[in-house]
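Inspection log for the structure reproduced underneath, given as structure tokens.
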Amino acid sequence: MEKLSRKERDRISREEYIVDAAEEVISEKGFDAATMDEIAEKAEVGKGTLYLHFNSKSAIYLAISVRGGKILNQKMSQVLSRDLSGLEMIEEMGYTYLQFIQQNPHYYRAFNFFENALSENKLTESSLVDECEQVGMEAMTYAVRALQIGMQDGTIKDTFDPKELGVIFWGASRGVVQVAYMKESRRHMKVLDDVTFSLETLIKGFIEIIGSGIKK
């Protein structure tokens, strides 16, 4: 591995410090209300220096998404290293995801920001966009590998395409979490008013239903 120059190490360190500050400001005020001035002040850097590293608040939010995704992926990779069946791995990954977003809702919001901005074609090509994409692909790789292990050890039906099933998991879990956050924020359709649930109960129900459906 090529050794980084001191200048490059300093740049990375400064950017990490800016992202630390941005996480605090955005977690407290929300993305829309937070300003670049507040982030610069929190990071104890001049506004010019801030823009030298990140050309917009959206770019900083993408960096936060990358950081959160890498932390989550590390936890997912640890599940794969455990002595579990493929089905148990899928279930454990689901609970790992649940615990992560419960403890780090600001990362979930950053993930959501990236996915929504990408789907609405609001992002231009950049290294941060590429990193977000790579983090997402890595997460999918872990889920697909767990499914393949389950098909090999006989705990998961081998009639599914593991990659397609991975996409189903990703899409369905995203929808379940979104509904839970809608309920919590009270901005939702009236159909949810008569149903009592939480993020935890929805995810657990989702994992149980999915597990029953794919179990061999």
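Bear in mind these aren't lab numbers, they're just calculated from the coordinates by the rules spelled out. Everything numeric here is computed off the predicted structure, so don't read it as measured data. Every residue, glycine as well, gets a Cβ built from its backbone with ideal geometry; the counts of neighbours run over all protein chains shown.
At-a-glance table
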| item | result |
| --- | --- |
| Cα-based shape type of region 123-216, given that a ≥ b ≥ c are square roots of the gyration tensor eigenvalues and the cut on a/c is 1.5 | oblate |
| Tilt relative to the chain, helix 199-214 - C-alpha long axis, 0 to 90 degrees, to 10 | 50 |
| Estimated vicinal HN-Hα couplings, Hz - region 71-85 in sequence order (Karplus 6.51, -1.76, 1.60; Gly, Pro = x) | 5, 5, 4, 4, 5, 5, 5, 5, 4, 5, 7, 7, 7, 10, 6 |
| Theoretical FRET efficiency, 1/(1+(r/R0)^6), r = Cβ-Cβ of Asn121 and Gln74, R0 25 Å, to 0.05 | 0.25 |
